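Chemist: Take a look at the following structure, please.
What follows is calculated from the coordinates using simple rules that are stated; it is not laboratory data. Worth saying up front: this structure is predicted, and the values here are computed from it rather than measured. Backbone-built Cβ (ideal geometry, glycine too); neighbour counts: all protein chains shown.
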Amino acid sequence: MANPTAPERAAPDETVLAVEGLKTQFFTRDGIVRAVDGVSFDVKRGETVGVVGESGSGKSVTALSIMRLLAKRTGRIVEGSIHLVDTEITAASERKMRDIRGNVASMIFQEPMTSLNPVLKIGYQMTETIRVHQGLDKAAARKRALDMLRFVHIPEPERRINQYPFELSGGMRQRVMIAMALSCNPQLLIADEATTALDVTIQAQILELIRELREKIGMAVLMITHDLGVVAETCDRIVVMYAGKVMERGTVREVFRNPLHPYTKGLLASIPRLPEPGAAAREARGNLTELPGFVPSLRNVPPGCRFAPRCSYAVAKCHEESPPLMEKAPGRLTACFEAHRLMENAMPETANV
Amino acid sequence: MSEAATLDRPAATDAARPLVVDNLTKHYPIHRGILNREVARVHAVDGVSFDLGAGETLGLVGESGCGKSTVGRCILRLVEPTSGTIRLGDDDITHLDRGAMRPHRQDLQAIFQDPYSSLNQRMRAGEIVAEPLVNFGQPADRAHIASLFERVGLRPEQMDHYPHEFSGGQRQRLVIAKALALEPSVIVCDEAVSALDVSVQAQVINLLTELQRERGIAYLFIAHDLAVVEHISHRIAVMYLGQIVELAEKRALFEDPLHPYTRALLNAVPIPDPEVTRDRTIIGGDVPSPLNPPKGCRFNTRCPLAFDRCRSEAPAYREVKPGHYAACHLND
Ligand SMILES: Nc1ncnc2c1ncn2[C@@H]1O[C@H](COP(=O)(O)OP(=O)(O)OP(=O)(O)O)[C@@H](O)[C@H]1O
Ligand SMILES: Nc1ncnc2c1ncn2[C@@H]1O[C@H](COP(=O)(O)OP(=O)(O)OP(=O)(O)O)[C@@H](O)[C@H]1O
Ligand SMILES: [Mg+2]
Ligand SMILES: [Mg+2]
């Protein structure tokens, strides 16, 4: 096992991350951006939770809030709590946060080139991180870096460690990022569109790696993506966000089978799907189901449900009042006044279960 | 019924072929040193051939850097091909200069990924769409532009707005309206919906499909998203390291892929259905450098089925079954 120095870990089933009523806002010259507006979810040890939603829905701001990496002058957590293992993030000192980043929670981003320093060798960047966080000496840190590179299946680690980021392919750079992120045994890995910029064959390799690492070291993963395919293949539970709010939460299986929010339903219907490999030919394709309109601005938020202007289920109340996230079935939460109509639709299929 | 039939199979693949590309090659020379000597060549596109029927969509897929955009840019005459020929209708446009290319522009339009950079920020939306008509001395009255706006799902009063006032999906509609204005027979779409959110992407894909049905436009649809390409295309070409490794009617390609790379690609696409469990044979390694492509079959370094011959002899790209082309020794 490549993690000999594993610290005390959360027990199985234990909650690693609990976000409660999180509100994060940006105070800009043109007004307040309510980027995250009352978001709640949790992630347990060994579990992968997917956060999906369209561009601007607040996925990255949620992640940056957890790591306390918001734009310093404008971004602020104004309400709610973030519990990470045994620390209340919203109240933690900057010093405590430096300790937490890397040691307790790590984050990997879409474009590793921007998070790796282009003028420093891979090995130097890795050993510096390890030395800062784990207090190892140079030789021990180098050995640990090599172990980690091997752990993420980088061929010829002794050669790679002496290379610069530009000498590596995109997939290889993302592996290095993951190796760095895992080098201090975090209990939570946040992957923000970590495979979006990669080719599908390389994406498949990286997703496989994350799955493998999760099983080996039992870490919790928060997988932020707009790709519902990635969620279906890697996540246990899903959080669907829209315009800064959680629309729906549940297990991936149940949410995909019977979405309880019209937005989730629309999203699932609007993606083109490949035929199953080897399956019989499909008939000529008709039109894709469209969600009319587009994502609203987060500056002057009107009252009511944020999805209402695009929603075919909306009734008068939806334009006046914001629906709270409510548990409609065990483990199934949705923020929709009309959710019962979606449930009823699903009744015939589930009646005899 | 008849509508579905035309969608699935182009009306006249043989009679009308608005675009024919034959053995297209583009090498980018790399120069170094004070003598500016050529030290290497990027084999961006190496012997690519295909044709496009009227009203047909040919999807062009493959991993980053395999040469998809270079093919599109050669056709659009934005880069100079190293060799090969490109025919638009009855004319050889391979080496036409800007002036000589001008009359053909009416027939050949493009839609790129980033609508923001392809729109002049200081022009009003209506002027942007009217511009090609004005350039070609065609009527560009407000009523005509308004009808184009309506056709792509924009409101006529938006003609007076500037690009920054539009959302990403609306800007892409604007680009489509502009591309449509001259009623081209061929549109090269390079990652035309890739930057859009899924819900908006569906709107734009539907619009492109409807316009094709109405006007018989042919699309060369370049994209890395296989599900999108599968949805919109009639035939699909798969590229790897500058070459087409397989080309077929989309059904044949999905039901019976004849190249191991096509199979690997199809296998790697995440399926948005948690109930589907499949054989996840993931190919390893990275795409080799196009500066120095592998000897023999270019895929041999990653191919799970490669044998000796694959490492020494490049497989011929040939018609293995009617209309189904592939380049793999395993089909011999
Ligand atoms: N530094 C900032 N200043 C002002 N507004 C910001 C800032 N960062 C983010 N926002 C706004 O907050 C909202 C949420 O942004 P966020 O980056 O979380 O979206 P996202 O869901 O990650 O989208 P994407 O899929 O495009 O990455 C957006 O409206 C965005 O414009
Ligand atoms: N102007 C140029 N000079 C040198 N090399 C180039 C140039 N333009 C492209 N290339 C190289 O040619 C190859 C093919 O590039 P191209 O942009 O056609 O790929 P692509 O398939 O469109 O990739 P993507 O999916 O990333 O858009 C790449 O290796 C690229 O680096
Ligand atoms: Mg983001
Ligand atoms: Mg390209």
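Chemist: Quick one: would you say B:Val269 is hydrophobic (A, V, I, L, M, F, W, C), facing another protein chain (nearest Cβ under 7 Å) and within 30 Å of B:Ala316 (Cβ to Cβ)?
Modeler: yes
Chemist: Can you go through B:Asn300, B:Asn267 and tell me which one is buried (at least 18 other Cβ atoms within 10 Å of the Cβ), free of Cβ contacts under 8 Å to residues at least 40 places away in the same chain, assigned to a loop (DSSP other than H, G, I, E, B) and not hydroxyl-bearing (Ser, Thr, Tyr)?
Modeler: Exactly one residue qualifies, and that residue is B:Asn300.
Chemist: Please go through (1) surrounded by fewer than 20 Cβ atoms within 10 Å (Cβ to Cβ); (2) in a helix (DSSP H, G or I); (3) of a type outside the set (A, V, I, L, M) for A:Arg76 and return the number of the only condition it doesn't satisfy.
Modeler: It fails just one condition, (2).
Chemist: Applying the selection to segment A:48-71, what residues are within 13 Å of A:Phe26 (Cα to Cα) and touching a helix residue (DSSP H, G or I) at 6+ places or on another chain (Cβ under 7 Å)?
Modeler: The one that is within 13 Å of A:Phe26 (Cα to Cα) and touching a helix residue (DSSP H, G or I) at 6+ places or on another chain (Cβ under 7 Å): A:Leu70.
Chemist: The conditions are (1) within 16 Å of ligand 4 (Cβ to nearest atom); (2) in contact with a helix residue (DSSP H, G or I) (Cβ under 6 Å, 6 or more places away or on another chain); (3) among the basic types (Lys, Arg), and B:Arg77 fails exactly one of them. Which is it?
Modeler: Among (1) within 16 Å of ligand 4 (Cβ to nearest atom); (2) in contact with a helix residue (DSSP H, G or I) (Cβ under 6 Å, 6 or more places away or on another chain); (3) among the basic types (Lys, Arg), B:Arg77 violates only (1).
Chemist: Give me the residue from segment A:17-64 that is of a type in the set (S, T, N, Q) and in a helix (DSSP H, G or I) and, out of that set, farthest from A:Leu207 (Cα to Cα).
Modeler: Applying the filter and picking the extreme gives A:Thr62.
Chemist: Follow-up. Within segment B:218-239, identify whether any single residue is basic (Lys, Arg), away from ligand 3 (no atom under 16 Å from the Cβ) and part of a strand (DSSP E or B), and answer yes or no.
Modeler: Quick first cut of segment B:218-239, residues basic (Lys, Arg) only: B:235.
Subset that is away from ligand 3 (no atom under 16 Å from the Cβ): B:235.
Pick out the ones that are also part of a strand (DSSP E or B) and you get B:235.
Scanning segment B:218-239 turns up at least one residue that is basic (Lys, Arg), away from ligand 3 (no atom under 16 Å from the Cβ) and part of a strand (DSSP E or B).
Chemist: Moving on to the next point. Which of the following residues is more than 16 Å from ligand 1 (Cβ to nearest atom), in contact with a Lys or Arg (Cβ under 9 Å, 6 or more places away or on another chain) and either away from chain A (no Cβ under 14 Å) or under 30 Å from A:Glu290 (Cβ atoms) (or both): B:Arg155, B:Arg173, B:Arg77? Outline the logic, then answer.
Modeler: Details: B:Arg155 fails: in contact with a Lys or Arg (Cβ under 9 Å, 6 or more places away or on another chain); B:Arg173 fails: in contact with a Lys or Arg (Cβ under 9 Å, 6 or more places away or on another chain).
One residue alone meets the criteria, B:Arg77.
Chemist: Quick check: anything in segment B:281-293 more than 12 Å from every other protein chain (Cβ to nearest Cβ), of a type in the set (S, T, N, Q) and not in a loop (DSSP other than H, G, I, E, B)?
Modeler: no
Chemist: Give me the pairs, please: first residue somewhere in segment B:183-210 and farther than 17 Å from B:Gly55 by Cα and at the interface with chain A (Cβ under 8 Å from one of its Cβ atoms), second residue anywhere and in a helix (DSSP H, G or I) and of a type in the set (S, T, N, Q), beta-carbon distance under 9 Å, and either six or more positions apart or on two chains.
Modeler: B:Val198/A:Ser270; B:Ser199/A:Ser270; B:Val200/A:Ser270; B:Val200/B:Gln170; B:Val200/B:Gln172; B:Gln201/A:Ser270; B:Ala202/A:Ser270; B:Gln203/A:Ser270
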